[in-house]
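Input: a single structure, listed below in structure tokens.
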Amino acid sequence: MRRKRSIPVTDTLIGRGTSSEGRIECDAGLRIDGEFSGEIVCRGDVVIGESGIVRSNVEARSVTVAGKLFGSVKSHGRFTLLASGEMNGDVAAAGYVIEGGARLNADCRTDPSLAEGRADAQRDDGRKQPAPVAADGRIAVPQAKKQAG
């Protein structure tokens, strides 16, 4: 009897010299070294490389910027702005890493509940989002909140 193999999730790359616009929704990671305009919803990590220029609203597990990002970011994990990076817009993230020399021109909000709220989030098509996965590979499960009284 043959076993069904699971199809591995593949990362997506928009390479240097490539220009694209529209909406990207992906389950795996996304790396942009070219140019993109539109909307990004990614259940994996988004990386904007040094040559990347993005004009977009971005929602992802984590976001790393080494290039230029114009728009708003909602990171359910860490937002990282590297020394070569530039961020212009709004950022809401569970945590931040900003390297010296980075250019940050944004309204920033730290919201630890973003890390907890991902498990029950709905996709645009109404299906449930997969639960967030911690760095060690375990599924992150929100803890029940205690009621006062």
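One table, with the values for the structure above:
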quantity	calculated
Stretch gain in nm, segment Asn105-Asp27, where the contour uses 0.36 nm per residue and the Cα spacing is subtracted	25.2 nm
Hz values of 3J(HN,Hα) by residue in the stretch 59-65 - Karplus curve (6.51, -1.76, 1.60), Gly and Pro given as x	10, 7, 5, 9, 10, 10, 10
Neighbourhood net charge (10 Å Cβ-Cβ; Lys/Arg +1, Asp/Glu -1) for Val46	0
Per-pair calculated FRET efficiency, R0 = 30 Å: Asp11 and Phe70 via Cβ, rounded to 0.05	0.85
Residues Ser56, Ser84, sorted so that the one with the fewest Cβ neighbours within 10 Å comes first	Ser84, Ser56
Rounded if a/c under 1.5, otherwise prolate or oblate - the stretch 30-107, Cα gyration tensor axes	rounded
Size-normalised alpha-carbon gyration radius of the stretch 16-56, reference 2.2 N^0.38 Å	1.04
Unit charges on C-beta of K, R, D, E only; dipole of the stretch 19-121, Debye	100
Burial ordering of Val65, Val97, Val73, Val47, fewest other beta-carbon atoms within 10 Å first	Val97, Val47, Val73, Val65
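Each reported figure results from applying straightforward, stated rules to the coordinates on display, with no laboratory input. All of these numbers come straight from a predicted model, not from anything done at the bench. Note that each Cβ is placed from the backbone with ideal geometry, even for glycine, and that neighbours are counted across all protein chains shown.
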